[in-house]
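Nothing in this text is a laboratory measurement; each read-out follows from the coordinates by a stated rule. These figures come from a predicted structure and were not determined experimentally. As a convention, Cβ positions derive from the backbone with ideal geometry for all residues, glycine included, and neighbour counts pool all protein chains shown.
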Amino acid sequence: MAKTSDLEVSEVKRARKTKSTPQVKTEELGGFSELDMYLFGQGTHYDIYKKLGAHPIKEGDVPGVRFAVWAPNAKRVSVIGDFNNWDFHKNPMKRLEPMGIYELFIPNVSEGAMYKYQIETKDGELLYKTDPYGNSAELRPGNASVVADIEGFKWTDTIWMKKRAQNGLDHQPIAIYEVHPGSWKRHLGRCGDDSLYNYREFAHSLTEYVHEMGYTHVELMGILEYPYDGSWGYQVTGYYAPTSRYGSPQDFMYLVNYLHRNKIGIILDWVPAHFPKDSHGLAEFDGTSLYEYEDPKKGEHPDWGTKIFDYGKNEVRNFLIGSALLWIEHYHIDGLRVDAVASMLYLDYGKQDGQWIANKYGGNQNLEAIDFFKHINTLITGRNNGVMMIAEESTAWPKVTGRAEEEGLHFTYKWNMGWMHDFLDYMKLDPYFRKDNHHKMTFAMSYNYSEKYILVLSHDEVVHLKCSMLNKMPGEEDEKFANLKVAYAFMIAHPGKKLLFMGQDFAQLREWNEDRELDWFLLANSEHQQLQGFMRSLLKLYKKYPAMYELDHEPSGFEWINANDSYRSIFSFIRKSSTGRNNLLFVFNFTPVARNDYRVGVPKLKNYKLILDNTSQDINVESAKIYKSVKQECDGREYSIGYELPAYGIGVFLF
């Protein structure tokens, strides 16, 4: 694995102290200078989104647009668009050496104009490419870039931004609602794109629901521009553009600002692992493998049919870093969930023998991707206190959330895919067989402190014949609901931040489909209402008591009471606060057998308030039933309480 050099460590420290490019602050929106070329060539031009692309400016008193694109192996580049009848003769671009930047100011071009770059390759082939740095795109199925002015939005989220920078993430509650905007809700009586909520409508409707339920953050899928709806936004062609499906860049800023004004954080899915081969996109951009590795054994994903970024090329790294900085610093995004991290780390990911090339040491680690992660994660989190870089990483790669100076990748959090698979495998079992799989629910605690985790039940778990969360549960309908309640309670109580995909909090019956809205009509049914109400009470419990979140990543915050009651499939543990006050005891029964004589060991001789059970629609503190512990050994403890534990019972005791 690559070692962190002294130079890299010093660069990390400098990046943490400043939001400006370390060498020199460049002039915003001016032409591409020698300094710009130097920084771009080093992969450290952190304002690159202000220099490349299409930017409305004035030259003297003349309004227009300055276009700039990197195409070093092109023979010629022209700007074509609806303002010149798509005629390549009218606006040939000037080549700037030595980087192969093409630049041109075109007067009297205004916001909303559509354009592309016509690129003549060295072999004489003509390519028609969208702008890699474009800030907006034509609504699909069109694929032209669109001139957009992303300056001048009046942000009013100062309080949120200041608080974000001051709060320590690890000691805060983080409950994420994962949402696909195009299929969350739709306008009744409308068809196709007309039925979609725009960014501004979505802002108001989503905020109302998130407040009602009690989530702290939303994670949005499919915001970076992409051509194919069925990819859900994971085959990106516009790394600098919010998708035009729901409105303009200014509309998207409104969404972010509105969420922040209402104390809701926003995370975006970000996909630096690969890109599609669409002819208008990044693939063979100037007739050569410019953005991708040249050798297909390194530059292509056979399973996905996509290209892999060349992480060893400074300009490509700068392209990705610039995209991340645009979303975090210009659009005020609170975090990026980095998709398919494992596919970047392993050279043989999804490949058979003979389909991949080993690194210089003969291993399967992509040393360039490792270095890229260290660079971007230290940069983003160093310049932006309180911002999250989240890894969707599905292997046992060490120190994903470890510090770069200690050979870690410096992510803020890692999705706990191991917990998710074990948890779902257990929950899908008939309760009779759970006693033989008891370890699946306890194993995650054996490695809980090796990384900083988010527990996830994401969109990937409710598609492709995997069933919705409710229909994963065994038994008849009433048993399915009972199982899902105890499952969600266990997830919320378990150490780790939380993520749940939309629709699962009210027990969506059908699998998720991007072409239709969620089945909100189910909330006319009492069982779905009760499940939603129970989930709301769990989220309220989670945010109310620091014991639920402030020591997620520290052993002092968790203690098993009984992790070994496999025959009865019962689990009990304590979540502790840093102050020693308002600790919580949890008991979970994963069978349909009531235990009327159940007894659980407790740490102290005192009163224990039952503030939540599986019938609750809210936390009950003031009139909670009190269980006074007695000196009677149980679970290896001197003291215990007796408690009638129902079938699929949940007991949350405050002490």
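See the values below:
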| read-out | value |
| --- | --- |
| DSSP beta bridges in segment 334-455 [antiparallel fraction, %, rounded to 5] | 10 percent |
| Cleavage-rule hits (chymotrypsin sites (Phe, Trp or Tyr not before Pro)) in segment 550-600: DSSP loop, at most 14 neighbouring Cβ within 10 angstrom | Tyr567 |
| For segment 20-146: relative contact order, % (alpha-carbon pairs under 8 angstrom, 6 or more apart) | 22 percent |
| Environment charge at Gly386 (Cβ cut-off 12 Å; Lys +1, Arg +1, Asp -1, Glu -1) | +2 |
| Förster-model FRET efficiency, 51 Å R0, Asn167 and His421, C-beta, rounded to 0.05 | 0.95 |
| Net charge, Ser78 excluded, C-beta distance under 10 Å - Lys, Arg +1, Asp, Glu -1 | +1 |
| Fewest-first sequence of Met161, Met213, Met344 by Cβ atoms within 10 Å of each Cβ | Met161, Met213, Met344 |
| Chain lengthening between Asp436 and Val62 when straightened (0.36 nm per residue, less Cα-Cα) | 127.0 nm |
| Potential lengthening between Lys277 and Glu554 on full extension [0.36 nm per residue; Cα-Cα distance subtracted] | 95.3 nm |
| Rounded FRET efficiency, nearest 0.05, which uses the C-beta distance separating Arg261 from Tyr361 and R0 of 56 Å | 0.65 |
| Label point at His464 placed 7 Å out along Cα→Cβ; residues across segment 284-307 whose backbone nitrogen lies under 16 Å | 301-306 |
| Label-zone membership for segment 620-655, site Asp565, 7 angstrom Cα→C-beta point, backbone N under 15 Å | 633-653 |
| Cβ-based exposure ranking for Leu585, Leu290, in which fewest neighbours within 10 Å come first | Leu290, Leu585 |
| Pairwise centroid distance, computed over Cα atoms, of segment 280-318 with segment 577-655, Å | 56 Å |
| Per-peptide average of other Cβ atoms within 10 Å, ordering 233-240, 420-427, 623-630 highest first | 233-240, 420-427, 623-630 |
| Cβ crowding within 10 Å averaged over residues, with 351-360, 260-269 ranked highest first | 260-269, 351-360 |
| Environment charge of Lys576, counting only residues whose C-beta is closer than 13 Å and scoring Lys/Arg +1, Asp/Glu -1 | -1 |
| Loop GluC sites (Glu not before Pro), segment 565-655, which have at most 16 other Cβ atoms in a 10 Å radius of their Cβ (DSSP) | Glu622, Glu633, Glu638 |
| Per-residue Cβ neighbour rank within 10 angstrom, fewest leading, Thr156, Thr288 | Thr156, Thr288 |
| Distance from segment 330-356 to segment 63-117 (C-alpha centre basis), Å | 32 Å |
| Distance (nanometres) between label positions extended 7 Å along Cα→Cβ at Asp478 and Glu97 | 8.3 nm |
| Beta bridges by DSSP in segment 174-548, antiparallel share as percent, to the nearest 5 | 20 percent |
| Net lengthening on full extension, Ala396/Ser231 (0.36 nm per residue, minus Cα-Cα) | 56.7 nm |
| Euclidean distance between Cα centres, segment 458-533 to segment 158-222, Å | 19 Å |
| DSSP beta bridges in the chain [antiparallel fraction, %, rounded to 5] | 70 percent |
| Highest-first arrangement of 327-336, 92-101, where packing means the average Cβ count within 10 Å | 327-336, 92-101 |
